[in-house]
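Trainee: If you scroll down you'll find the structure; I have some questions about it.
Quick note: the coordinates plus some simple rules give every number you see, no bench work behind them. Quantities reported herein were computed from a predicted structural model and do not represent experimental measurements. No Cβ is skipped: glycine too gets one built from the backbone with ideal geometry, and neighbour counts run over all protein chains shown.
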Amino acid sequence: MTQFTFWDIFSNLLLATRWTILLSLVAFVGGGVLGLILLFVRIGKTWWLRRIVQGYTELFQGTPLLMQLFLAFFGLGLLGINVSPWAAAAVALILWTAAFLVEIWRGCVDAVPKGQWEASASLGMSYIEQMRHVVLPQALRISIPPTVGFSVQVVKGTALTSIIGFVELTKAGTSLANATYESFTVYGLVALIYFVLCYPLSLSARILERKMNAAHRH
Amino acid sequence: MPLIDIDALHKSYGETEVLKGIDLHVEAGEVIAIIGKSGSGKSTLLRCINGLETINSGAISVGGEQLVEDELHLRKLRLKVGMIFQQFNLFPHKTAGQNVMLAQQVVKKRRKAEAETKAREVMDRVGLGDKFDSYPDQLSGGQQQRVAIARALAMEPMALLCDEVTSALDPELVGEVLQVVRALAADGMTLLMVTHEMAFARDVCSRVVFMHQGRVHEAGPPSEIFANPKTPELRAFIGMAAA
């Protein structure tokens, strides 16, 4: 039987961390793009499209991410579509992230005072012009702290993908723990790596929040 | 033909009828104060004129432009009539100058240089030429309101709607805003203002409209309205305002 040194464990975990980071980025960027598209529908003028997006967010916020991963992985398999764990994980996480970002961002658009709409309307701006020049720039500023804060949830959410067999940090940790019987060391390191990934994010969210409050506008 | 023409205007919020048939005709150059208790519908009337509220029935036109509730018509109407709000509603992410330039560039498609020239002209007119690059939160309430007036003026409207423009201001800042409004009136701008400044209404306005329970209850030149109120409601209101 091979002997694992501490360094072996650590380097293997770091290698797997690349996948955690990559999956987080894919989920966050993909979810961000999808979320932005859905946001425009959610705050748009067509009521039935708004309802559909609302239903979508309620569905994804109201079910465990784990179930969404199972459905993406096994469900699509049942339909005869062969999905790799990587694809299933990416799809589920993108959909999940988008569902939360839509609601976070909608709240930010709502937080722009009604007077801003009225002032820009009375200057003759159209809905799109109001959005582009007045409302979205302000909503964007409000949205940065909660969005960065949510990215922490995405990073931690990737841990669940280990269950459908995607080898990221948690899955690598499980395998190493089984092989070395040094569960405490391994999971301790895994937790530490997650913390190193997440702490700068939550810290910057906090700093950004303070900054936005102090100089809230420019 | 009057500049602003309001005929049989009705407006309800759900079951509550706020405006119960308003007829009001405003000639170019008139300065009109709309007074009345809160809830009498005066702000709603103002907001109906530029389409911020949808009306239930009746007709409104400004400078021959009918109020029709689609974006294209509303835009044309809103180019004829500017609005100043109680809460200023400056765009906080833009400097005073950019506030005044934005709609010129976006709506009137003016070039940046042209918009800036116009913006500097109207900022001078409200006495804030030196605050062009300040952000709203660096300005006092009175200064913000004057920027808001400059922003509306830059669009070269035929009339201005002023919705309690001094109500959110500290008492010592009211004067500077009223001074700007007074200068506009002297320059012949058509003004329709909801106000609680009775002394100002008496001094500056050519006509005072007293609203009561969603109707124009009494209207006339300020000398008559204030010295010689005909209805008990107006008498009571003026008594309250004076007290």
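Trainee: From the list A:R141, A:R132, which residue is in contact with a helix residue (DSSP H, G or I) (Cβ under 8 Å, 6 or more places away or on another chain), among the basic types (K, R) and within 13 Å of chain B (Cβ to nearest Cβ)? Before the answer, list the steps.
Mentor: Values: A:R132 fails: in contact with a helix residue (DSSP H, G or I) (Cβ under 8 Å, 6 or more places away or on another chain).
Sole residue among the options that is in contact with a helix residue (DSSP H, G or I) (Cβ under 8 Å, 6 or more places away or on another chain), among the basic types (K, R) and within 13 Å of chain B (Cβ to nearest Cβ): A:R141.
Trainee: For the range B:133-151: of the residues being facing chain A (nearest Cβ under 10 Å) and surrounded by fewer than 24 Cβ atoms within 10 Å (Cβ to Cβ), which is nearest to the chain's Cα centre (by Cα)?
Mentor: Filtering the range B:133-151 for residues that are facing chain A (nearest Cβ under 10 Å) and surrounded by fewer than 24 Cβ atoms within 10 Å (Cβ to Cβ), the one nearest to the chain's Cα centre (by Cα) comes out as B:P136.
Trainee: Looking at B:Q98, B:Q104, B:Q86, which is the one that is surrounded by fewer than 18 Cβ atoms within 10 Å (Cβ to Cβ) and of a type in the set (S, T, N, Q)? Before the answer, list the steps.
Mentor: On the way: B:Q98 fails: surrounded by fewer than 18 Cβ atoms within 10 Å (Cβ to Cβ); B:Q104 fails: surrounded by fewer than 18 Cβ atoms within 10 Å (Cβ to Cβ).
Residue meeting the stated conditions: B:Q86.
Trainee: Going by the conditions given, is A:E118 within 10 Å of chain B (Cβ to nearest Cβ), in contact with a strand residue (DSSP E or B) (Cβ under 9 Å, 6 or more places away or on another chain) and outside any loop (DSSP other than H, G, I, E, B)?
Mentor: On the way: within 10 Å of chain B (Cβ to nearest Cβ): yes; in contact with a strand residue (DSSP E or B) (Cβ under 9 Å, 6 or more places away or on another chain): yes; outside any loop (DSSP other than H, G, I, E, B): yes.
Against the criterion (within 10 Å of chain B (Cβ to nearest Cβ), in contact with a strand residue (DSSP E or B) (Cβ under 9 Å, 6 or more places away or on another chain) and outside any loop (DSSP other than H, G, I, E, B)), A:E118 qualifies.
Trainee: If I filter the range B:35-53 down to residues being part of a loop (DSSP other than H, G, I, E, B) and without any contact (Cβ under 8 Å) to a residue 40 or more places away in the chain, which single residue comes out as surrounded by the fewest Cβ atoms within 10 Å (Cβ to Cβ)? Lay out the reasoning, then the answer.
Mentor: The first filter runs over the range B:35-53 and keeps only residues part of a loop (DSSP other than H, G, I, E, B), leaving B:36-41, B:50-53.
In the following step, the residues that additionally are without any contact (Cβ under 8 Å) to a residue 40 or more places away in the chain were identified as B:38-39, B:51-52.
Details: B:S38: 9, B:G39: 14, B:G51: 23, B:L52: 20.
Ranking the qualifying residues of the range B:35-53, first place goes to B:S38.
Trainee: Something else about it: Has the range B:88-96 got at least one residue that is at the interface with another protein chain (Cβ under 9 Å from one of its Cβ atoms), at positive phi and not in a strand (DSSP E or B)?
Mentor: We begin by selecting, within the range B:88-96, every residue at the interface with another protein chain (Cβ under 9 Å from one of its Cβ atoms); these are B:88-95.
Remaining after also requiring at positive phi: B:88-89.
Filter again for not in a strand (DSSP E or B), leaving B:88-89.
Yes, some residue in the range B:88-96 is at the interface with another protein chain (Cβ under 9 Å from one of its Cβ atoms), at positive phi and not in a strand (DSSP E or B).
Trainee: Within the range B:110-132, which residues are in a loop (DSSP other than H, G, I, E, B) and surrounded by fewer than 22 Cβ atoms within 10 Å (Cβ to Cβ)? Can you show your working first?
Mentor: Filtering the range B:110-132 down to residues in a loop (DSSP other than H, G, I, E, B) leaves B:110-111, B:126-128, B:132.
Hits for the range B:110-132 are B:R110, B:R111, B:G127, B:F132.
Trainee: I've got another one for you. Could you pull out the residue among A:A89, A:A99 that is touching a helix residue (DSSP H, G or I) at 6+ places or on another chain (Cβ under 6 Å) and under 30 Å from A:K45 (Cα atoms)?
Mentor: Numbers: A:A89 fails: under 30 Å from A:K45 (Cα atoms).
Being touching a helix residue (DSSP H, G or I) at 6+ places or on another chain (Cβ under 6 Å) and under 30 Å from A:K45 (Cα atoms) holds for just one of A:A89, A:A99, which is A:A99.
Trainee: Quick check: anything in the range B:170-188 free of Cβ contacts under 8 Å to residues at least 40 places away in the same chain, within 24 Å of B:I22 (Cα to Cα) and either under 18 Å from the mean Cα position of the chain (by Cα) or assigned to a strand (DSSP E or B) (or both)?
Mentor: No, there is no match, as no residue in the range B:170-188 is free of Cβ contacts under 8 Å to residues at least 40 places away in the same chain, within 24 Å of B:I22 (Cα to Cα) and either under 18 Å from the mean Cα position of the chain (by Cα) or assigned to a strand (DSSP E or B) (or both).
The rows are residues; the columns are (1) over 26 Å from B:D7 (Cβ atoms); (2) assigned to a loop (DSSP other than H, G, I, E, B); (3) over 18 Å from the mean Cα position of the chain (by Cα).
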{"residue": "B:A199", "(1), (2), (3)": "yes, no, no"}
{"residue": "B:R202", "(1), (2), (3)": "yes, no, no"}
{"residue": "B:V209", "(1), (2), (3)": "no, no, no"}
{"residue": "B:E218", "(1), (2), (3)": "no, no, yes"}
{"residue": "B:S223", "(1), (2), (3)": "yes, no, yes"}
{"residue": "B:F226", "(1), (2), (3)": "yes, no, yes"}
{"residue": "B:A236", "(1), (2), (3)": "yes, no, yes"}
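Trainee: Restricting to the range B:63-87, name every residue that is touching a Leu at 6+ places or on another chain (Cβ under 9 Å), more than 9 Å from chain A (Cβ to nearest Cβ) and free of Cβ contacts under 8 Å to residues at least 40 places away in the same chain.
Mentor: Within the range B:63-87, B:E65, B:Q66, B:L67, B:V68, B:H73 meet the criteria.
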